[in-house]
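The values are calculated or read from the model by the stated rules, or taken from the named source; none is laboratory data. Computed from a predicted model, the values in this text were never measured in an experiment. Note: ideal-geometry Cβ built from the backbone for every residue, glycine included; neighbour counts use all protein chains shown.
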There are 2 protein chains.
Amino acid sequence: MPDAEGRAAQLPDLAAIRAAHARIAPYVHRTPVLRCSAIDDETRARLYFKCENFQKVGAFKARGATNAVFSLPEAEARHGVVAHSSGNHGAALAYAARQRGIAAWVVMPENSAKVKQDNVRRFGATIRFCAPNIPAREALCAEVLAETGATMVHPFDDPRVIAGQATAALELLEDHPDLDVVIAPVGGGGLLSGTAIAARSLKASIRVYGAEPANADDAARSYKSGNVEPLPQATTIADGLRTTLAPRTLAAIREGAAGIGTASEEAMVRAMRMTWERMKMIIEPSAAVPLACLLEGTLDVAGAKVGIIVSGGNVDLDRLPWQT
Amino acid sequence: MPDAEGRAAQLPDLAAIRAAHARIAPYVHRTPVLRCSAIDDETRARLYFKCENFQKVGAFKARGATNAVFSLPEAEARHGVVAHSSGNHGAALAYAARQRGIAAWVVMPENSAKVKQDNVRRFGATIRFCAPNIPAREALCAEVLAETGATMVHPFDDPRVIAGQATAALELLEDHPDLDVVIAPVGGGGLLSGTAIAARSLKASIRVYGAEPANADDAARSYKSGNVEPLPQATTIADGLRTTLAPRTLAAIREGAAGIGTASEEAMVRAMRMTWERMKMIIEPSAAVPLACLLEGTLDVAGAKVGIIVSGGNVDLDRLPWQT
């Protein structure tokens, strides 16, 4: 495994993020920033929600995947792209490939939820199913790459993907340059890396925090130790955050983030429901983690102007976490 | 009952609507306009959703109530305001009164849902409960007015309220002046009246439609006959639309609207769920009626640029219409 220092060089800078923003602008939404005085009162802060749940495919992942796909040279792009994903990255890559008019294959575990399969098929990508374990997934990815000559697009360990994810924070700070703090959920760390690079390049004094489930606190532990710590047995409803950092994203986060907050499952459900009820917007459990950290006080932002990257809104409406 | 012609004079014009917009701007959100290509494809039109579900108190009603409350002369305002409402208008009046720092009383049927009571109490209004019938309601309203000297604010039969509701369409057309059509739900007709006056004053060629449940199609029948037709036995999930037009709103709607579409209960549930799933936003059943009319083809807007006033997002998350 390459060490964190060596790969840290392969991170986007503000120029790359601005280039990504221009590249993807025709294909993604400039999402609104919403406010809610009831939640401000609850958290004793002024919160600015950057609504990536309203993004194409319902998640910020559309930004990174679109930047990666449109960054490919034509000779490479025409063979198509491949992702392994059981979640939003697969749908995002399928969406981006369709925009460019190239093929996409998504390797998914055979037990994936039907709603996630539908999200990939909607954009014309081909699903290849594997057994739900990492060796089976890697074997099938290798097979698809060999068959097709397509390019693998990693969900986060890729500077083009990180630059794309960073464009959400870029827009947020364009709209609200006076923010004191920005918080983003952290799974593999692509969003948080990009957010930290964009926000601190634009405003050196800003504090950037990650937020993750206490039950999957590998990023908090990795941030402290400086090494990629293994993911614990992760039983969390935040299915988007059951991923370990890469050395690349860890380097960016240690460099640019002021800390990582963690939240209990109960606080995540409460934050999710509060957002649905008070803001009338649908957010997925992973997107509720920053607010959950504020409700539990694991991140202290009292009195501050706080941007929150609302990462996505893909939820199975027939299985809500407050319904048992 | 005063006749429609006589009261039609008491409707706001564009100047009154612009004055309302300036008056309420400090207290209400300028809501975003969102788009969704999947729903565009489904309806073969280009839809622009004006998101009043993100408005204060979760509904456009905040606009009308705020305009009414801030239009009161000080000598009148200091005695407070009264509404009878089992829904969003009560919460909106409570909100507006709190912004002005005056008292509010809301007369509600004793069987009102707790979530609706909470929405009124949150803003410090006093609830007075009556038996769930019109004579009991009127008796209690008269009693509260006599006790307090407060001013009654009608949910729709009031030119200040209509001017306030009209500001949503004003903003929508400021943002998207090239719309061909605007559609608003119609219950008592305050929103549709204001929408028609604002939109057609700004752009004479625009078509404005109302949308209502087929099971509560009094507006469609009144529009045809020219008389306020009684509300049928209304068994509809669109609880915000179980109201009959007033002569005043009927006059405005016959003058300014090109027609009224109706939708089945099934189409409303489908439109509501489609909006939740595709747009990641929470809309209440009443707010789904315009899209439901497009899905059922009772309004024909193929190829047009269509603004939809998304009226509100107040839903009991424990009782969703697709869950039985």
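Taking the condition of being surrounded by fewer than 19 Cβ atoms within 10 Å (Cβ to Cβ) and part of a helix (DSSP H, G or I), how many residues in the range A:214-232 meet it?
Filtering the range A:214-232 down to residues surrounded by fewer than 19 Cβ atoms within 10 Å (Cβ to Cβ) leaves A:221, A:224-227, A:229-232.
With part of a helix (DSSP H, G or I) added as a condition, the list becomes A:221, A:224-225.
Going through the range A:214-232 one residue at a time, the tally reaches 3.
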Practice task
Within the range A:246-256, identify whether any single residue is more than 14 Å from chain B (Cβ to nearest Cβ), in a loop (DSSP other than H, G, I, E, B) and either free of Cβ contacts under 8 Å to residues at least 24 places away in the same chain or crowded, with 22+ Cβ neighbours inside 10 Å (or both), and answer yes or no.
Solution key: yes
Exercise for the section: Starting from residues that are more than 9 Å from chain B (Cβ to nearest Cβ) and either in a strand (DSSP E or B) or of a type in the set (Val, Ile, Thr) (or both), keep the ones in the range A:45-59 and report whichever is surrounded by the fewest Cβ atoms within 10 Å (Cβ to Cβ). Expected result: A:ARG46
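Name the one entry in A:VAL306, A:VAL310 that is surrounded by 20 or more Cβ atoms within 10 Å (Cβ to Cβ) and out of contact with any Leu (no Cβ under 7 Å at 6 or more places or on another chain). Can you show your working first?
Working: A:VAL306 fails: out of contact with any Leu (no Cβ under 7 Å at 6 or more places or on another chain).
Selected residue: A:VAL310, the only one of A:VAL306, A:VAL310 that is surrounded by 20 or more Cβ atoms within 10 Å (Cβ to Cβ) and out of contact with any Leu (no Cβ under 7 Å at 6 or more places or on another chain).
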Fill in the blank from the handout: Expected single match for within 24 Å of B:GLN10 (Cβ to Cβ) and in contact with a His (Cβ under 9 Å, 6 or more places away or on another chain) among B:ALA251, B:ALA246 is B:ALA246
Fill in the blank from the handout: Matching residues in the range A:271-281 (buried (at least 24 other Cβ atoms within 10 Å of the Cβ) and either more than 9 Å from chain B (Cβ to nearest Cβ) or within 15 Å of A:PHE60 (Cβ to Cβ) (or both)) number 4
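Residues are listed down the side, and each one gets a yes or a no for (1) within 22 Å of the chain's Cα centre (by Cα); (2) among the small types (Gly, Ala, Ser); (3) in a helix (DSSP H, G or I); (4) surrounded by 18 or more Cβ atoms within 10 Å (Cβ to Cβ):
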| residue | (1), (2), (3), (4) |
| --- | --- |
| B:GLY124 | no, yes, no, no |
| B:ALA136 | no, yes, yes, no |
| B:ALA139 | no, yes, yes, no |
| B:ALA142 | no, yes, yes, no |
| B:ALA146 | no, yes, yes, no |
| B:PHE156 | yes, no, no, yes |
Fill in the blank from the handout: With criteria (1) within 14 Å of chain B (Cβ to nearest Cβ); (2) under 16 Å from the mean Cα position of the chain (by Cα), A:ALA38 comes up short on (2)
Exercise for the section: May I ask you to verify whether A:LEU179 is over 19 Å from the mean Cα position of the chain (by Cα) and modelled with pLDDT of 95 or more? Expected result: yes
Exercise for the section: Inspect all residues belonging to the range B:62-84 and state whether any of them is within 25 Å of A:LEU34 (Cβ to Cβ), more than 14 Å from chain A (Cβ to nearest Cβ) and not in a helix (DSSP H, G or I). Expected result: no
Exercise for the section: Take the residues in the range A:257-270 that are more than 14 Å from chain B (Cβ to nearest Cβ) and not hydrophobic (A, V, I, L, M, F, W, C), then tell me which one is surrounded by the most Cβ atoms within 10 Å (Cβ to Cβ). Expected result: A:GLY261
Problem - Neighbours by Cβ (under 7 Å, 6+ apart or cross-chain): first from the range B:81-108, touching a residue at least 60 places away in the same chain (Cβ under 8 Å); second of a type in the set (Phe, Trp, Tyr) and surrounded by 24 or more Cβ atoms within 10 Å (Cβ to Cβ) - result: B:VAL82/B:TRP105
Exercise for the section: Kindly provide the set of residues from the range B:198-213 that are among the small types (Gly, Ala, Ser), in contact (Cβ under 8 Å) with a residue 60 or more places away in the chain and surrounded by fewer than 22 Cβ atoms within 10 Å (Cβ to Cβ), ordered by number. Expected result: B:SER201
Exercise for the section: Could you tell me which residue of the range B:60-84 is farthest from B:LEU172 (Cα to Cα), considering only residues that are surrounded by fewer than 24 Cβ atoms within 10 Å (Cβ to Cβ) and small (Gly, Ala, Ser)? Expected result: B:ALA75
Handout entry: Index of the failed condition, A:THR235 passing every other in (1) more than 30 Å from A:LEU14 (Cβ to Cβ); (2) crowded, with 24+ Cβ neighbours inside 10 Å
Key = (2)
Exercise for the section: Considering every residue within the range B:263-284, establish whether at least one is in a helix (DSSP H, G or I), within 17 Å of the chain's Cα centre (by Cα) and of a type in the set (Val, Ile, Thr). Expected result: no
Exercise for the section: Tally the residues that are modelled with pLDDT of 95 or more, part of a loop (DSSP other than H, G, I, E, B) and within 14 Å of chain B (Cβ to nearest Cβ), restricting the search to the range A:285-324. Expected result: 2
Exercise for the section: Might you check whether a residue that is in a loop (DSSP other than H, G, I, E, B) and within 16 Å of the chain's Cα centre (by Cα) occurs anywhere in the range A:205-213? Expected result: no
